[in-house]
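Input: a single structure, listed below in structure tokens.
The values are calculated or read from the model by the stated rules, or taken from the named source; none is laboratory data. Fair warning: this is a prediction, and the values are worked out from it, not measured in the lab. When we count neighbours, we look across all protein chains shown, and the Cβ atoms used for this are built from the backbone with ideal geometry, even at glycine. For the accessible areas, the whole protein counts, side chains as well, though only heavy atoms, and no ligand, DNA or RNA atoms are used. Shrake-Rupley method; radii C 1.70, N 1.55, O 1.52, S 1.80 Å.
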Amino acid sequence: MEWFGHAKINFHHAATPRPIKEKDGKETDLLKICEKLTPPCLLNPWLFNGHLQTLWTATKPHGPKLFYRRRVFEAENKSYKGTFAVDFPVEPFEGHDEGLPYRTKYFTDEELENMGSNDSKPMLVVLHGLSGGSHEVYLRATIAPLLEGGKWDACVVNSRGCARSKLTSGILYNARSTWDIRQTVKWLHEKFPNRPLFAIGFSLGANILTNYCGEEGSNCLLKGAVICSNPFNLDISSKILQGTFMGKEVYLRTMGGTMREMALSHKKELELYSNLDIPAIEKSTYLYDFDRAVHCPTWGYPTEYAYYRDSSSSDAVLAIRIPFMAIHATDDPIAVRQAVPFEEFRENPSTVLVTTSLGGHLCWFESGGGRWYPRPVCNFLNHMAFNVDLDSVKPLSDPPQLEKKPGNATYEPMRRRMGVPQE
């Protein structure tokens, strides 16, 4: 237990962090920026471990209100056919459309036709956690401060079937489903050509975002990214959670239940578009039961652990080529410390991992009821967007140890085995 809620902060980074040039001509680097912009972590002393921090979310704090307009995209890549929903924060309005979350309406046809601009306002792409959506408190608490004053714009990519989005194919989302964020970023780049694009991911969304940045490598269109509470190595996380009563009977049972209910809310669509065993989904209790019933037959994995290993983002850290900040509490009872790839962060100059000794999973509750992590996140994003010379921030090329050379063995961190479901 840390003394009276004072969490220790550590920075894990390469020996020579990525250099960054600021608008005033000052030369700095990624580590110095992260160190400068990360405030002391002073948390509620009564929530003195990761379990108490994480379980405090059951009190359901309301968080800031955000209103959204929804755009439904048809997947461009036929391998990942179907639709997905992206929510854009807008000015407050009355009510909501039937079938959508509170404070959410669809864009009108006229609004859809007129989307896009030539302004240079920074744009944030947001990925939520497991079974979540744009309505989540942890998400709204982070992006609301950025939206104040109109300096930022944002959008939330809802995973397929989440946030009351409709399923229109048998292609679901998983821990490595980077296809929808890829299409969203490409669309934003075309519709808002002068806007610098940034991204943030939470929990499972952090895993997806890390994989996306790794897959894009030196071709990434983002100027920077932040992740919070990434489980990183899903295989390790699952096995450690199964080894404790709290891990299995509280966290894995709760996550399995929410995924089961989310899937069964689309029972008719699953029966129409997929060959999944619906009774097996109905009987699933823990998250690994659900993953065995859904992801193994969908993607061809022989076991849920093969899915976990292939979907993990720990290796993806090595392939990231844009400024990348990760925030993680080492007492996180869900994204466990044993799964964090500390050494991979120390190998990549484009990444910095910020760890706190307290905070739980997407919590970091302070004495006044607020959360700590939005401050370092917003500080970093604002600094990158408004103080850094973004013309000089280009994705780096592969470091020498990862370059392919004739006659030399090489390591490809983004090797992929996931198959695309066949007709």
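Residues being in a loop (DSSP other than H, G, I, E, B), among the polar types (S, T, N, Q) and either within 13 Å of P89 (Cβ to Cβ) or more than 14 Å from the chain's Cα centre (by Cα) (or both): count how many of those fall in region 131-161. Walk me through how you get there before you give the answer.
Narrowing region 131-161 to residues in a loop (DSSP other than H, G, I, E, B): 131-136, 151-152, 159-161.
In the following step, the residues that additionally are among the polar types (S, T, N, Q) were identified as 131, 134, 159.
Remaining after also requiring either within 13 Å of P89 (Cβ to Cβ) or more than 14 Å from the chain's Cα centre (by Cα) (or both): 134.
Count: 1.
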TODO: Would you mind telling me which numbered condition in (1) at pLDDT 95 or above; (2) open to solvent by less than 40 Å² (accessible area, probe 1.4 Å) L47 fails?
DONE: (1)
TODO: Filter the strands (runs of 3 or more DSSP E) completely within region 1-97 down to those with at least 1 residues that are in the same structural domain as T178 (by the TED database) and more than 23 Å from the chain's Cα centre (by Cα).
DONE: 19-21, 27-29
Open item on the list: Report every pair of residues separated by at least 6 positions or lying on different chains whose Cβ atoms are under 6 Å apart, first residue within region 74-92 and without any contact (Cβ under 8 Å) to a residue 24 or more places away in the chain, second crowded, with 17+ Cβ neighbours inside 10 Å.
Closed with: V90/F67; V90/R69
Task: Number of positions in region 351-362 that are buried (at least 21 other Cβ atoms within 10 Å of the Cβ) and either among the polar types (S, T, N, Q) or modelled with pLDDT under 95 (or both) - done: 3
Open item on the list: Of the conditions (1) under 19 Å from F380 (Cα atoms); (2) open to solvent by less than 10 Å² (accessible area, probe 1.4 Å), G149 satisfies every one except a single condition; which number is it?
Closed with: (2)
Open item on the list: I need a count of the residues in region 28-44 that are touching a residue at least 12 places away in the same chain (Cβ under 8 Å) and touching a strand residue (DSSP E or B) at 6+ places or on another chain (Cβ under 7 Å).
Closed with: 11
Open item on the list: Here are the criteria: (1) outside the structural domain of L124 (by the TED database); (2) part of a helix (DSSP H, G or I). Tell me which single one L381 does not satisfy.
Closed with: (1)
Open item on the list: Here are the criteria: (1) in the same structural domain as P297 (by the TED database); (2) within 20 Å of H128 (Cα to Cα); (3) touching a residue at least 60 places away in the same chain (Cβ under 8 Å). Tell me which single one L241 does not satisfy.
Closed with: (2)
Task: Residue satisfying condition, being surrounded by fewer than 20 Cβ atoms within 10 Å (Cβ to Cβ), touching a Ser or Thr at 6+ places or on another chain (Cβ under 8 Å) and within 28 Å of F345 (Cβ to Cβ), within set S203, S169, S218 - done: S218
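Considering only region 71-80, I want to know if a residue exists there that is surrounded by fewer than 16 Cβ atoms within 10 Å (Cβ to Cβ), more than 21 Å from L127 (Cβ to Cβ) and touching a Ser or Thr at 6+ places or on another chain (Cβ under 7 Å). Outline the logic, then answer.
Of all residues in region 71-80, those surrounded by fewer than 16 Cβ atoms within 10 Å (Cβ to Cβ) come to 72-74, 76-79.
Next cut, more than 21 Å from L127 (Cβ to Cβ) only: 78.
The next check asks that each one be touching a Ser or Thr at 6+ places or on another chain (Cβ under 7 Å); those that pass are none.
Checking region 71-80: not a single residue is surrounded by fewer than 16 Cβ atoms within 10 Å (Cβ to Cβ), more than 21 Å from L127 (Cβ to Cβ) and touching a Ser or Thr at 6+ places or on another chain (Cβ under 7 Å).
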Open item on the list: From the list L30, L55, exactly one residue is surrounded by 15 or more Cβ atoms within 10 Å (Cβ to Cβ) and at pLDDT 95 or above. Which is it?
Closed with: L30
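Quick grid of which residues meet (1) over 22 Å from the mean Cα position of the chain (by Cα); (2) open to solvent by less than 40 Å² (accessible area, probe 1.4 Å):
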site: D235; (1), (2): no, yes
site: S238; (1), (2): no, yes
site: Q242; (1), (2): yes, no
site: E249; (1), (2): yes, no
site: L252; (1), (2): no, yes
site: M255; (1), (2): no, yes
site: S265; (1), (2): yes, no
site: N275; (1), (2): yes, no
site: A280; (1), (2): yes, yes
Task: Given (1) crowded, with 21+ Cβ neighbours inside 10 Å; (2) of a type outside the set (K, R); (3) in contact (Cβ under 8 Å) with a residue 60 or more places away in the chain, number of the condition Q183 does not satisfy - done: (1)
